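The values are calculated or read from the model by the stated rules, or taken from the named source; none is laboratory data. Here the structure is a predicted model, which is why all the values come from computation and not from measurement. Here the Cβ positions follow ideal geometry from the backbone for every residue, glycine too, while neighbour counts run over all protein chains shown. When the accessible area is computed, the model is the full protein with side chains, heavy atoms only, and any ligands, DNA or RNA have been set aside. Shrake-Rupley method; radii C 1.70, N 1.55, O 1.52, S 1.80 Å.
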Amino acid sequence: MQEFGATLAAFSRDLPRLVPSFCEPSLPFLARYWVDVNEDVQESARATLDFAVERMEEPMRRHVVTLWARRLRSGGINDQFDIASPAGIAVLIVGLMTSKYKESVEKNVKLLLIRALRTLLNGPPAQQALGAELFAMGFAVWQNDIEDIEDLVTQLLSLSRKNDVNEKVSPFTRCLMTIASVRPPLFLNLIGSDEGIRAGNIRAATMLMRWDSNVLLPHLILLTETVLKYLNPHTPEIRNRSVGDATETLKEMIFRFPQISFHTTSQKLACGTVSGGMVIFDVRHATRWMELLSHAEAITAIAFSPSGDQVVSFCEKERMLRFWNIGSSILQMITSRRFSSRSHCVKEIEIPIDVCNEGSRLDWSENQRVALLYRSRVLFQVGAP
């Protein structure tokens, strides 16, 4: 049956060329089948509608948006509205046109559209999925007109937890990840809020790293602090309930970001920033332990020494490798907050430009050799101080 749907989709693209007297299909008719219990019908309707819109000249697209925006303004959007009704078809067509093809509409039309999509998210499962799908397609375009983004993300977090089964990503998770990719700080703050922690939303941070880890690079400190809220020893009930998921998130961070390094024995986690700073966290106590102003440019990679009392940082833009004494005494744990860029630096080495690479990692071996690696290939080696 999948081959049947794919064949129909291909015909949708090629029919105008094969049939000289081809007549463009009705958009309202196709919109009715955008959501259908039969996947082949749905796939064919979507492909046919997409190709029909792509073939439209820009003035015709504007005319279609204007026409269906009037339907949207005419009402019919309430808690019981049906996606197959004129109002529902207007939501679908205007939503597709303004999100996928960036056709402009008046602010009041966008507000009506957003209200309609929120209504869909509160409807039966098929309508919820459609609302999430359309929000994912248009969020980047409509975000400034959504007044309650926090409520939207909170609702999507709940729907995502309930609907992701058997490793299959639901429309709610896709929508959630799309919004999170556009607004990472908002997303992380909601995960780290009291409500987010009670709901156990830390898995969503892991999902975002697997979805698009690059969007989190400017926010690694916030990401780390969000995870540590789930491991706070002062809230043992939350910690015990969340330790498995939070540990999985920390592992994903260490795997994804060479700017993060973890020392198992001391339970310290070092995190480099895009501004050149470095923050060392005490994971056991879920607190910041030390801050270093280590580079003037973004840190590319970090690694702990095997003993955990030193850390090395690499900045690709500066071509500079720096070694830092961080110690582990009780006094330092109490007093260490921020240091100048030189006070704890015990050695710095300029790296030849031909071996610098933005995706490099650092490895500090037991034999006190530090290697700069790229895809497991050693680019540069130096003895530790």
*Whichever residue in the range 253-269 is without any contact (Cβ under 8 Å) to a residue 60 or more places away in the chain, under 23 Å from the mean Cα position of the chain (by Cα) and open to solvent by less than 20 Å² (accessible area, probe 1.4 Å) and, among such residues, is farthest from Ala205 (Cα to Cα)*: Leu269
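Here is a yes/no grid of residues against (1) out of contact with any Cys (no Cβ under 9 Å at 6 or more places or on another chain); (2) of a type in the set (S, T, N, Q); (3) within 26 Å of Asn163 (Cα to Cα):
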| residue | (1), (2), (3) |
| --- | --- |
| Asn189 | yes, yes, yes |
| Ser193 | yes, yes, yes |
| Ile221 | no, no, no |
| Arg239 | yes, no, yes |
| Leu250 | yes, no, yes |
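With closer than 18 Å to Gly192 by Cα and among the hydrophobic types (A, V, I, L, M, F, W, C) as the only criterion, which of Ile302, Ile280, Ile221 stands out?
The conditions single out Ile221.
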*Which condition number does Val378 fail, the rest of (1) assigned to a strand (DSSP E or B); (2) open to solvent by 50 Å² or more (accessible area, probe 1.4 Å); (3) within 26 Å of Met290 (Cα to Cα) being met?*
(3)
*Given the conditions (1) touching a residue at least 24 places away in the same chain (Cβ under 8 Å); (2) open to solvent by 10 Å² or more (accessible area, probe 1.4 Å); (3) under 24 Å from Gly200 (Cα atoms), which single one is not true for Cys175?*
(2)
_Restricting to the range 274-292, name every residue that is crowded, with 16+ Cβ neighbours inside 10 Å and hydrophobic (A, V, I, L, M, F, W, C)._
Met278, Val279, Ile280, Phe281, Val283, Ala286, Trp289, Met290, Leu292
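Please go through the range 193-248 and give me each residue that is among the polar types (S, T, N, Q), in contact (Cβ under 8 Å) with a residue 40 or more places away in the chain and over 23 Å from Val279 (Cα atoms), ordered by number.
If the condition is that a residue be among the polar types (S, T, N, Q), in contact (Cβ under 8 Å) with a residue 40 or more places away in the chain and over 23 Å from Val279 (Cα atoms), then Asn201, Ser242 are the ones that fit.
Quick grid of which residues meet (1) modelled with pLDDT under 70; (2) out of contact with any Ser or Thr (no Cβ under 9 Å at 6 or more places or on another chain):
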{"site": "Glu3", "(1), (2)": "yes, yes"}
{"site": "Ala9", "(1), (2)": "yes, no"}
{"site": "Asp14", "(1), (2)": "no, yes"}
{"site": "Pro20", "(1), (2)": "no, yes"}
{"site": "Pro25", "(1), (2)": "no, no"}
{"site": "Ala31", "(1), (2)": "no, yes"}
{"site": "Val35", "(1), (2)": "no, yes"}
{"site": "Glu39", "(1), (2)": "no, yes"}
{"site": "Gln42", "(1), (2)": "no, yes"}
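Got a number for residues in the range 194-208 being over 16 Å from the mean Cα position of the chain (by Cα) and closer than 13 Å to Ser242 by Cα?
Going through the range 194-208 one residue at a time, the tally reaches 5.
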*In the range 185-209, how many are open to solvent by 10 Å² or more (accessible area, probe 1.4 Å) and under 23 Å from Trp142 (Cα atoms)?*
4
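In this structure, does Val53 turn out to be over 20 Å from Trp142 (Cα atoms) and free of Cβ contacts under 8 Å to residues at least 60 places away in the same chain?
Against the criterion (over 20 Å from Trp142 (Cα atoms) and free of Cβ contacts under 8 Å to residues at least 60 places away in the same chain), Val53 qualifies.
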_Residue check, Asp82 more than 26 Å from Val227 (Cβ to Cβ), among the charged types (D, E, K, R) and free of Cβ contacts under 8 Å to residues at least 12 places away in the same chain_ = yes
